[in-house]
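The values are calculated or read from the model by the stated rules, or taken from the named source; none is laboratory data. Not measured: the values here are computed from a predicted model. Cβ placement follows ideal geometry from the backbone for every residue including glycine, while neighbour counts extend to all protein chains displayed.
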Amino acid sequence: MKPTVKKGLLIGRTRYKESSLIIRTLMEDGSLVSLLFKGALRRKSGIAGRIRPFALLEFVYYHRPGKNIYTASDAEVLEDFSDAVSDYTSQQRVAKFFKKAVSLLKPEQSVPEIFDIVLALLREWKEISSLSENLLWSGFLLKIMTFAGFSPTIFRCAICGGKINPEEKSAFSPSAGGLICSSCRKPNDAIQFSKKMVKTAQFLLSNSFTKYFKIMPAEDEFKKLNIALQKFWEYHIGEVKS
């Protein structure tokens with residue numbers, strides 16, 4: 001049987017029996033795959049040391065239809081981001097982003113853009129880790145929800161479908177599905193958005209993480225935007241289970 005070779009990111013690893021490992025990965029095609037590395041914990045193996053978090057890995061495994069766990073034979077480190085994510089606080093922060101993204105994926109579902117977003121976060125972490133946490137989370141949520149099919153409407157009114165004018169104040173409603181123009185009636189859960197918040201939301205979705213530095217600091221509004229998006233997540237997706 002010809003092996004499958006794919007790039008992926010480690011989600012978690014569990015010891016299996018005395019010397020084997022079962023790992024869960026986010027693959028480059030945006031799918032969740034579990035792999036069994038037999039004998040990986042044996043002293044002479046060397047594989048366990050290469051299966052590490054905060055790194056882009058290349059896996060060699062054997063895909064068998066109908067199986068939940070595939071037998072793997074090798075793993076290599078292609079890019080190591082451990083220098084950028086070296087301290088415990090950074091590791092915890094990145095892990096939360098990773099967990100949020102993975103929670104959107106269902107079994108047998110493939111969303112390659114989710115993988116791309118998480119990989120971009122890792123590659124750019126050393127530079128973007130100083131950004132406002134609320135701003136970074138707002139952009140991350142907008143990106144992953146958009147590609148997973150849960151995108152809030154931020155360029156058109158969620159009620160009438162008209163184009164949102166970023167020069168006017170709008171409101172954001174989780175139940176309505178996003179921004180609401182000044183002409184439409186607002187649901188009870190509507191949150192008022194300033195002109196800057198509207199422009200910020202549109203900019204975050206359309207640009208890479210490294211370009212977020214172009215946004216003028218306004219922490220109160222960043223926090224309000226993040227809260228609004230978290231409420232949208234809870235309304236349409238639900239809470240992420242630990």
field: Any hit, the range 40-48, residues being under 26 Å from the mean Cα position of the chain (by Cα), loosely packed, with under 15 Cβ neighbours inside 10 Å and either small (Gly, Ala, Ser) or closer than 24 Å to Val118 by Cβ (or both)
entry: no
field: Matching residues, the range 155-205, being surrounded by fewer than 16 Cβ atoms within 10 Å (Cβ to Cβ) and among the hydroxyl-bearing types (Ser, Thr, Tyr)
entry: Ser175, Ser182, Ser183, Ser194
task: Please list, ordered by first then second residue, the pairs with beta carbon atoms under 9 Å, 6 or more apart or interchain, first in the range 106-133 and in contact (Cβ under 8 Å) with a residue 60 or more places away in the chain, second among the aromatic types (Phe, Trp, Tyr) and assigned to a loop (DSSP other than H, G, I, E, B).
output: Leu122/Phe54; Leu122/Phe81
Residues located in the range 32-70, provided they are in a loop (DSSP other than H, G, I, E, B), closer than 18 Å to Phe98 by Cα and not β-branched (Val, Ile, Thr): Arg52, Pro53, Phe54
query: Of the residues Asp74, Asp29, which single one is of a type in the set (Asp, Glu) and not in a strand (DSSP E or B)?
result: Asp29
query: Among the listed residues Leu78, Leu121, which satisfies the condition of being surrounded by 19 or more Cβ atoms within 10 Å (Cβ to Cβ) and within 22 Å of Leu26 (Cβ to Cβ)?
result: Leu121
- request: Inspect all residues belonging to the range 124-136 and state whether any of them is of a type outside the set (Asp, Glu) and within 14 Å of the chain's Cα centre (by Cα).
  value: yes
- request: Test Leu179 against the stated conditions and say whether it is of a type in the set (A, V, I, L, M), assigned to a strand (DSSP E or B), at pLDDT 95 or above and under 28 Å from Ser103 (Cβ atoms).
  value: yes
field: Selected residue (criterion: farthest from Val118 (Cα to Cα)) from residues of the range 194-210 that are at pLDDT 95 or above and not in a helix (DSSP H, G or I)
entry: Asn207
- line: Per the filter on the range 59-75, residues under 25 Å from the mean Cα position of the chain (by Cα) and surrounded by fewer than 16 Cβ atoms within 10 Å (Cβ to Cβ) are Val60, Asn68, Ile69
message: Let me confirm something: among Phe213, Phe222, which residue is of a type in the set (Phe, Trp, Tyr), closer than 21 Å to Ala101 by Cβ and part of a helix (DSSP H, G or I)?
response: Phe222
